[in-house]
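All of the numbers you see were taken from the coordinates with simple rules; none came from a lab. The model shown is predicted, which means the values in this text are computed figures rather than measured ones. Here the Cβ positions follow ideal geometry from the backbone for every residue, glycine too, while neighbour counts run over all protein chains shown.
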Amino acid sequence: MSSTSSALSDCIRHIDTQPFDDQKPGTSGLRKKVTVFQQKHYLANFVQSIFDALPENERISLVIGGDGRFFNQEAIQIIIKIALANGYQKLVIGQHGYLSTPAVSNLIRTLNTSGGIILSASHNPGGPTEDFGIKYNNHAGSPAPEALTEKIFTNSKSISQYHLAEIDDIDLTLCSSHTIGNCEIIVTDSVDEYANCMQRCFDFSQLSNGFATEQLSLNFDAMHAITGPYAQCLFVEQLGANKSSLHNATPQDDFAGTHPDPNLSHAKNLVAMQNTAEAAKLGAASDGDGDRNMILGEGVFVTPSDSLAVITEYAEVIPQFHAGLRGVARSMPTSTAVDRVAKHLGINCYETPTGWKFFGNLLDEDRISLCGEESFGTGGNHVREKDGIWAVLCWLTILQHTGLSVKEILAKHWQQFGRSLYCRHDFEAIATDKANQLMDHLQALCQSNAWLDIDSSITAVQSFSYEDPVDHSVSSNQGIQVHLQGGSRIIFRLSGTGTSGATLRMYLEKVSTNSQDYNPELDIIAATSALAELGYRVANITKFTGMKEASVIT
Ligand code: G1P
Ligand code: ZN
């Protein structure tokens, strides 16, 4: 550990600036092209707007880290300088600027800092012409709630000055500690504290035994992104998984030109591997910043909605949940598979709008222990972010406890609870005005009975509005729900994370208790095609967007 000290007040500058009008945080912070963030003052304005939105007693200590994408290091140096000039007393930064999103959340909680800044555009591609992002997490480690993001946006529209300490860049290559004025700057190992957290959640000696006896085996694809070092430490060094279990495990600032999104389209090599004799008992992948996960078995894919339901079903075998679950939650478009398990267990299941921030209050108040989203997000009460590596450890625990294969676990689950056949159609790069017209059309349907004439299977069309049961804040217009007979649903909403044009998401859920639908090889797109066709009709997709088919189906 090295230590340096110098007078801070001499280096503080007050820089005049002009507001940018496009700094509205979306579903998960502010995401833009790198070139937008590279504009003079752009990042600084936003960071100052964050600090100005915080009460003084929440501007004490800050964790800073990112997924290592292009511009990560430069951004961290700017944030350090602005934080110093804004009176922060302690900054904790991941070595090399690396921290996965759940690791930031964990550090905030473990070190009890007043907040954290995460630099990531999650699963979006990285590189000089690709995406960058920034978001603030509060003292609970949770993504900033809407009231705060609104405040930040308001500040960004009127900002005229930011404060910056003109100091040399901090060396992030080594773990070290520096004192600048009254501020302690610590460059910390990116993995250690997170690994400790995982040790508290799971039984590592039992899992190691599973790998040693070959009861467990793993293929993990880190997608050239942040989870490589975490997977190396936890799966290989601590649990004894074979080194060859890890794929693409060295973080790169452009993710090797790939799209670090763990799904069937972007993790094709892993999927292919799991469909051969080389398959491991568990196949898994995580995204750019390590919060998403995809779960595969030997020749089988587990939808994120089913994954949440299965983890709920077996929660008591996971040490973190030995005392039972307080409750569970899912985002509104996530399938209702977990609702059926919650009902069976006699616990509450909350339905929240899309975005992890809506789980924060429920977790803080201990109303839920486990939650998830259809978008490859699963998490527990150990942090306030979804957590990819953690989800893999949950599945390893379940596999070891049951001695069953992933396929057998799913078969058993569907036999008991029925199956939600589920997929999502994304219509990308739609002109924003067209997308808004389509949503207006759907809103109008909710206000009238016109949907009665569209199809007799429709039982209701509603605009989803959520009242947080803890702070009673209301979030309206969170998507359109088309309810169908038998509990099936079609959901429409616009993405809040895109960086160009609009993306319409159409989520299809067909609830089935017909055992013929329990075949894991079932073609889901074909099995939900009637729902898709109805969805096109209800939303007039082709008329509004000109698109006859989705850009991607996951
Ligand atoms: C997407 C997902 C959402 C997730 C978010 C951040 O947001 O749909 O579930 O919380 O990314 O990872 P969207 O683009 O749909 O607004
Ligand atoms: Zn992510």
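Strands (runs of 3 or more DSSP E) wholly in the range 198-313 with at least 2 residues that are buried (at least 24 other Cβ atoms within 10 Å of the Cβ) and not hydroxyl-bearing (Ser, Thr, Tyr) - which ones?
Where strands (runs of 3 or more DSSP E) fall fully within the range 198-313 and carry at least 2 residues being buried (at least 24 other Cβ atoms within 10 Å of the Cβ) and not hydroxyl-bearing (Ser, Thr, Tyr), they are 218-221, 282-286, 293-297.
Within the range 34-44, identify whether any single residue is more than 19 Å from residue 148 (Cβ to Cβ), within 16 Å of ligand 1 (Cβ to nearest atom) and of a type outside the set (Phe, Trp, Tyr), and answer yes or no. No. Filter the range 325-352 down to the residues that are under 18 Å from residue 496 (Cβ atoms) and outside any strand (DSSP E or B), then identify the one that is farthest from ligand 1 (Cβ to nearest atom). Among them, the one singled out is 332.
Screening the range 425-457 for residues that are touching a Ser or Thr at 6+ places or on another chain (Cβ under 8 Å) and more than 24 Å from residue 553 (Cβ to Cβ) and picking the one that is surrounded by the most Cβ atoms within 10 Å (Cβ to Cβ) gives 446.
Residues in the range 187-197 that are buried (at least 21 other Cβ atoms within 10 Å of the Cβ) and touching a strand residue (DSSP E or B) at 6+ places or on another chain (Cβ under 8 Å): 2 in all.
Of all residues being hydroxyl-bearing (Ser, Thr, Tyr) and within 17 Å of residue 333 (Cα to Cα) in the range 464-506, which is surrounded by the most Cβ atoms within 10 Å (Cβ to Cβ)? Just the residue, please.
Among those residues, the one meeting the criterion is 488.
Here residue 331 meets the list (1) away from ligand 2 (no atom under 16 Å from the Cβ); (2) surrounded by 20 or more Cβ atoms within 10 Å (Cβ to Cβ); (3) hydroxyl-bearing (Ser, Thr, Tyr) almost entirely, failing just condition (1).
Just one of the listed residues (99, 107, 43) is in contact (Cβ under 8 Å) with a residue 60 or more places away in the chain, of a type in the set (A, V, I, L, M, F, W, C) and within 16 Å of ligand 2 (Cβ to nearest atom), namely 99.
Here is a yes/no grid of residues against (1) over 18 Å from residue 139 (Cβ atoms); (2) in contact with a helix residue (DSSP H, G or I) (Cβ under 9 Å, 6 or more places away or on another chain); (3) surrounded by 21 or more Cβ atoms within 10 Å (Cβ to Cβ):
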position	(1), (2), (3)
12	yes, yes, no
16	yes, no, no
24	yes, yes, no
39	yes, no, no
46	yes, yes, yes
62	no, yes, yes
90	no, yes, no
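Answer yes or no as to whether residue 553 is within 16 Å of residue 352 (Cα to Cα), of a type in the set (A, V, I, L, M) and surrounded by 17 or more Cβ atoms within 10 Å (Cβ to Cβ). No; evaluated as a whole, the condition is false for this residue. Scanning the range 152-168 turns up no residue that is free of Cβ contacts under 8 Å to residues at least 60 places away in the same chain and under 23 Å from residue 100 (Cβ atoms).
Selection of the range 275-294 for residues being more than 16 Å from ligand 2 (Cβ to nearest atom) and among the polar types (S, T, N, Q) yields 275, 276.
Here residue 322 meets each of (1) out of contact with any helix residue (DSSP H, G or I) (no Cβ under 9 Å at 6 or more places or on another chain); (2) without any contact (Cβ under 8 Å) to a residue 12 or more places away in the chain; (3) not small (Gly, Ala, Ser) with one exception, condition (1).
For residue 491, the stated conditions do not hold, so it cannot be described as under 17 Å from residue 305 (Cβ atoms), touching a residue at least 12 places away in the same chain (Cβ under 8 Å), touching a Cys at 6+ places or on another chain (Cβ under 7 Å) and not hydroxyl-bearing (Ser, Thr, Tyr). Within the range 69-86, being in contact with a Ser or Thr (Cβ under 9 Å, 6 or more places away or on another chain) and of a type in the set (Gly, Ala, Ser) holds for no residue.
Quick check: is even one residue across the range 133-142 touching a Cys at 6+ places or on another chain (Cβ under 8 Å) and over 22 Å from residue 34 (Cβ atoms)? Checking the range 133-142: not a single residue is touching a Cys at 6+ places or on another chain (Cβ under 8 Å) and over 22 Å from residue 34 (Cβ atoms). Scanning the range 353-382 for residues that are part of a strand (DSSP E or B) and in contact with a Cys (Cβ under 8 Å, 6 or more places away or on another chain) gives 378, 379, 380. Does residue 383 satisfy the condition of being within 16 Å of ligand 2 (Cβ to nearest atom), among the hydrophobic types (A, V, I, L, M, F, W, C) and either touching a strand residue (DSSP E or B) at 6+ places or on another chain (Cβ under 9 Å) or under 19 Å from residue 338 (Cα atoms) (or both)? No: the conditions fail for residue 383. Within the range 473-521, the residues that satisfy the criterion of being assigned to a loop (DSSP other than H, G, I, E, B), more than 11 Å from ligand 1 (Cβ to nearest atom) and at positive phi are 477, 501.
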